[in-house]
1. Got the relative contact order for segment 18-134 handy, in percent, Cα pairs under 8 Å and 6 or more residues apart?
2. Contact order normalised by length for segment 128-273, with contacts defined as Cα pairs under 8 Å and 6 or more residues apart; what percent is it?
3. Of the labelled options [x] 20.8, 68; [y] 19.8, 69; [z] 23.9, 76, which one gives Rg and Dmax of the Cα atoms in Å as computed for this structure?
4. Let me cross-check K229: its accessible surface, 1.4 Å probe, with only protein heavy atoms counted, in Å² to the nearest 10?
5. Rounded to the nearest 0.05, what FRET efficiency do D186 and D122 have when you use their Cβ-Cβ distance and R0 = 25 Å?
6. In degrees between 0 and 90, to the nearest 10, how far off the longest principal axis of the chain does helix 268-283 point, with axes built from Cα atoms?
7. If you take every residue apart from V298 with its C-beta less than 13 Å away from the C-beta of V298, what net charge results, scoring Lys and Arg +1 and Asp and Glu -1?
8. For segment 45-149, what is one quarter of the convex hull surface built on the Cα atoms, given in nm²?
Amino acid sequence: MTKSHDKSTAIVVLPAVGGGRLQDANLRAWLSRSTLQIRSQPTEILECVVSAIHLPYPIDGLASLRLWGQTSDQPTVWIAAADPIYLEPRLDHICLHALGGHDVPASHLRTLFGHLQQSLTDGSRFGFIQIGSYGYLRSDEPIATARSSANVVDQLPPNDFMPSGTGSADYRRLIGEVEMALHDHDVNLKRQAEGRHPINSLWLWGGGFAPEQQAEPCPPLFADDPLTKGYWHSRSGVVDSWPGSIAACLDACDAGFVAVPAFDADDVEALQECLRELRAALHARRLSRLALFFRDGVEADVLRTHAWRFWRRTAPVLN
């Protein structure tokens, strides 16, 4: 039997917090009184969230979930995510840079995916699809792909995250063809002239079919992140867009919730304001616990009683 989630807990995904990003000394002191830890290995944020609400994490089909979250329609074919990356040659290894957001305009993605579709898929069993700010690979038959997203592998050597065993040779062969097709494309020449990283490869991950939809008890979700939304759709959960503030989330459900705030990762003041709202909700007893997952691997489990840990110094990870 699935353990029920705590209905007085807020689970919130936030941008990086470590390395002295917080300028508000009071917030640094408040977080330092909580139970802080750093994830021992790169992990998909969704895995952290679903673990916190005691639901199973899918072993495949994450790309189909992301597409489901984008379109609100359950995909019926095999899908893999095909995310733009820059592979940087270094002295003794290759470093992966995840590209996206403002750095990859939809026009760049549309042109490159159109080129890949035209040059690599003539008469083949797969095809490249661009939907909004995301890319996908559709296949008539399953293909080996990486399990983790490019965001998890960002700034790391990619080899350890690539698929191994059956099908891995086909994966590497397809990636080689993609890289040859992207090499010296006009879009990449323009990007380099503008001082941007070229999109010299794609990260194929999360391949699989969408799971059957089922009803599971889960807190309401406030997010625009398509992967998280897709998972909630698969569990028949309540999904709404990020309303702009923690206060609005509380007013909408008056109980525990999961939120993925939609503000720029570089907007430190927006991060601090979100933390202030969470601290105030805890103090006002509108929530009893906070589970905060920061994208730099920091996690904070915050209880109202932690406020009495006044003897604690600022945690080193926050300096």
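1. Working: 65 pairs, mean separation 15.3, N = 117.
Here the relative contact order equals 13 percent.
2. On the way: 157 pairs, mean separation 25.7, N = 146.
Averaging sequence separation for qualifying contacts and normalising by length gives 18 percent for segment 128-273.
3. Working out Rg and Dmax of the Cα atoms in Å from the coordinates points to [x].
4. 40
5. 0.75
6. 40
7. Working: positive: R21, R28, R39, R295; negative: D296, E299, D301.
Once positives and negatives cancel, what remains is +1.
8. Working: hull surface 35.5 nm².
Convex hull of Cα atoms, orientation-averaged projection: 8.9 nm².
The values are calculated or read from the model by the stated rules, or taken from the named source; none is laboratory data. Everything quoted here is computed from the prediction, not taken from an experiment. Glycine also receives a Cβ, built like all others from the backbone with ideal geometry; neighbour counts cover every protein chain displayed. Side chains included, ligands, DNA and RNA excluded: accessible areas come from the protein's heavy atoms. Shrake-Rupley method; radii C 1.70, N 1.55, O 1.52, S 1.80 Å.
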